[in-house]
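To start, the structure itself, in structure tokens.
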Amino acid sequence: MKATADAVGILLVDGFHYLALFVIGATTVWSAFAAFISMVSKGRAELSDILLLFIYLEIGAMVGIYFKTTRLPVRYLIYIAMTALGRVLIEVGGAEHKTGNELLIVAGAIFVLSFAVLVLRFASDKDDPSDTLGRGRHLYQHADLHEPSNDDQISRK
């Protein structure tokens with residue numbers, strides 16, 4: 001009885017994960033398409049618009065990596081935050097009534113997030129699937145690629 005309940009529970013949780021991922025993926029594609037249509041209707045794309053498309057791209061990459069590996073690199077969330085702060089930096093820099101303090105605060109936040117990515121990247125001894133160039137070639141080599149670690153991964157159990 002317990003084995004059947006566990007199997008049904010796992011099936012329901014997996015079903016929810018896949019449904020949620022499809023909804024997130026579809027919403028991301030829909031939002032990116034709407035943003036692109038908005039740029040086309042304006043007749044131009046501003047830098048903040050292009051950065052918004054990069055945010056959608058990173059969200060799509062996160063969904064794709066999760067589908068393939070059932071792991072979510074935390075670094076992608078930090079990349080999204082950095083890109084969003086870049087958009088804020090553009091808005092703050094474009095506002096005439098803002099002082100340099102706001103610019104320094106946002107730039108400092110981007111710097112802190114960049115340092116966090118660096119720490120996560122080098123503190124992790126597991127080969128990250130997002131670091132492949134294709135056909136199994138990796139951007140760097142570790143001494144032991146087969147030792148599992150989840151230092152910068154959120155894993156679905």
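I'd like to know if the stretch 63-70 contains one or more residues that are at pLDDT below 90, in a helix (DSSP H, G or I), exposed (fewer than 12 other Cβ atoms within 10 Å of the Cβ) and charged (D, E, K, R). Don't jump to the end; show me each part of the working.
The initial filter retains those residues of the stretch 63-70 that are at pLDDT below 90, namely 63-70.
Remaining after also requiring in a helix (DSSP H, G or I): 63-69.
Filter once more, keeping what is exposed (fewer than 12 other Cβ atoms within 10 Å of the Cβ): 68.
Adding the requirement that they be charged (D, E, K, R) leaves 68.
Yes; the residues of the stretch 63-70 include at least one that is at pLDDT below 90, in a helix (DSSP H, G or I), exposed (fewer than 12 other Cβ atoms within 10 Å of the Cβ) and charged (D, E, K, R).
Which condition breaks for Phe22 when tested against (1) touching a residue at least 12 places away in the same chain (Cβ under 8 Å); (2) in a helix (DSSP H, G or I); (3) farther than 23 Å from Gly93 by Cα?
(1)
For the subset of the stretch 71-113 comprising residues that are of a type in the set (D, E, K, R) and closer than 23 Å to Leu21 by Cα, which member is modelled with the highest pLDDT? Even if it seems obvious, please write down each step before you answer.
Restricting attention to the stretch 71-113, the residues satisfying the condition of being of a type in the set (D, E, K, R) are 71, 75, 87, 91, 96, 98, 102.
This time we only want the ones that are closer than 23 Å to Leu21 by Cα, so: 71, 75.
On the way: Arg71: 81, Arg75: 87.
Among residues in the stretch 71-113 that are of a type in the set (D, E, K, R) and closer than 23 Å to Leu21 by Cα, the one modelled with the highest pLDDT is Arg75.
Can you tell me which condition Arg44 does not meet? The list is (1) part of a helix (DSSP H, G or I); (2) exposed (fewer than 15 other Cβ atoms within 10 Å of the Cβ), and all the others hold.
Of everything listed in (1) part of a helix (DSSP H, G or I); (2) exposed (fewer than 15 other Cβ atoms within 10 Å of the Cβ), Arg44 misses just condition (1).
Report yes if Tyr56 is of a type outside the set (Val, Ile, Thr), closer than 30 Å to Ser124 by Cα, assigned to a helix (DSSP H, G or I) and at pLDDT 90 or above, otherwise no.
Numbers: of a type outside the set (Val, Ile, Thr): yes; closer than 30 Å to Ser124 by Cα: yes; assigned to a helix (DSSP H, G or I): yes; at pLDDT 90 or above: yes.
Against the criterion (of a type outside the set (Val, Ile, Thr), closer than 30 Å to Ser124 by Cα, assigned to a helix (DSSP H, G or I) and at pLDDT 90 or above), Tyr56 qualifies.
Which count do you get for residues in the stretch 18-33 that are surrounded by 12 or more Cβ atoms within 10 Å (Cβ to Cβ) and within 15 Å of Leu57 (Cβ to Cβ)?
Looking only at that region, the number is 7.
Is one or more of the residues making up the stretch 119-141 farther than 27 Å from Val23 by Cα, of a type in the set (Lys, Arg) and at pLDDT 85 or above? I'd like the intermediate steps shown before the answer.
Within the stretch 119-141, the first condition is being farther than 27 Å from Val23 by Cα, and the residues that meet it are 119-127, 133-141.
Cutting the leftovers down to of a type in the set (Lys, Arg) gives us 121, 126, 135, 137.
From what's left, at pLDDT 85 or above: 121.
Yes - at least one qualifying residue is present in the stretch 119-141.
The values are calculated or read from the model by the stated rules, or taken from the named source; none is laboratory data. These numbers were taken from a predicted model, which means no experiment stands behind them. Note: ideal-geometry Cβ built from the backbone for every residue, glycine included; neighbour counts use all protein chains shown.
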